[in-house]
Amino acid sequence: MSPLTADAPIIAVRGLTKTYRMGEVTVSALRGVEARIRRGEFVAISGASGSGKSTFMNILGCLDQPTAGSYELDGKAVQDLKPDELSLVRNRKLGFVFQSFNLLSRTSALENVELPLLYRSEVSPESMRKKAQAALGAVGLGERVHHHPNQLSGGQQQRVAIARAMVNDPVVILADEPTGNLDTRSSVEIMALFQGLNAKGITVVLVTHEPDIAAFAGRLIVFRDGLIIRDEINPSPMDARAELVKMKPAEGIA
């Protein structure tokens, strides 16, 4: 389904404002941001440090609340939800991938991926394990399920994080600088995974300061001084799998 012909937006923000008090000074992190992201889009968000992109992502991830404005996620008015409802939305609707992987060091890859499922009482331990194994298989780590993070490369750790993000079948994956700690090849492998998930219909919103990473997305949103200054479709996103073939034969991308 083309992102331009999809029906309702999966994300809609209107007049989004966020201000902080720093002593006697009021800082405006977001100043009336308007944006709509359609189901099935792959969006890269860019901008200099302090531009507002991280604040915007925190609000999209239900980790922060706007000072003013509205945010609808999959048809729900997020700003009207109670804390326990927000937690449920984060667990059921969103998958998170971070620059620092955020894996538990003393647990296996499989146990890390199972974590989001622990909050779902209707999922049995057997189903939990099967879903986690399937998610790890999908990111090319089916043979590494019992490895701990310190037994995995940076790229493999990020794959575990992506498997954890997708294990609950989210409608949106939010990725904050997911390639920031990776070498070039590992970065392209991660982008191949995101493009594969996006091809299956999952909406991907990714923050990056790297133009070559943003080039893999189908749309680019650029922030500056708390406002969106560019919002444009990328008519020819780079194909991560094709780029991997140019480097050397791809390994473990599923």
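Data table
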read-out: Of residues in region 151-178 being farther than 24 Å from M128 by Cα and in contact (Cβ under 8 Å) with a residue 60 or more places away in the chain, the one nearest to the chain's Cα centre (by Cα); value: D176
read-out: D74 vs. criteria more than 18 Å from G226 (Cα to Cα) and free of Cβ contacts under 8 Å to residues at least 12 places away in the same chain; value: no
read-out: In region 131-153, the residues that are closer than 20 Å to L94 by Cα and not aliphatic (A, V, I, L, M); value: K131, Q133
read-out: Which listed residue, of R159, R164, R185, is out of contact with any strand residue (DSSP E or B) (no Cβ under 8 Å at 6 or more places or on another chain), buried (at least 19 other Cβ atoms within 10 Å of the Cβ) and outside any loop (DSSP other than H, G, I, E, B); value: R159
read-out: Within region 1-30, tally of residues that are at pLDDT 95 or above, farther than 19 Å from L220 by Cα and of a type in the set (D, E, K, R); value: 1
read-out: Hits in region 92-150 - residues which are at positive phi and of a type outside the set (G, A, S); value: F101, N102
read-out: Candidate set: region 185-198, residues that are touching a residue at least 60 places away in the same chain (Cβ under 8 Å) and out of contact with any Phe, Trp or Tyr (no Cβ under 8 Å at 6 or more places or on another chain); chosen: the one nearest to A138 (Cα to Cα); value: L193
read-out: Selection status of V43, surrounded by 15 or more Cβ atoms within 10 Å (Cβ to Cβ), free of Cβ contacts under 8 Å to residues at least 24 places away in the same chain and under 21 Å from I202 (Cβ atoms); value: no
read-out: Residue match in region 234-253 (condition: within 30 Å of A68 (Cβ to Cβ), of a type outside the set (S, T, N, Q) and surrounded by fewer than 20 Cβ atoms within 10 Å (Cβ to Cβ)); value: no
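The values are calculated or read from the model by the stated rules, or taken from the named source; none is laboratory data. Nothing here was measured: the structure is a model prediction, and the numbers come from that model. Counting neighbours? That spans all protein chains shown, and the Cβs are built from the backbone with ideal geometry, glycine included.
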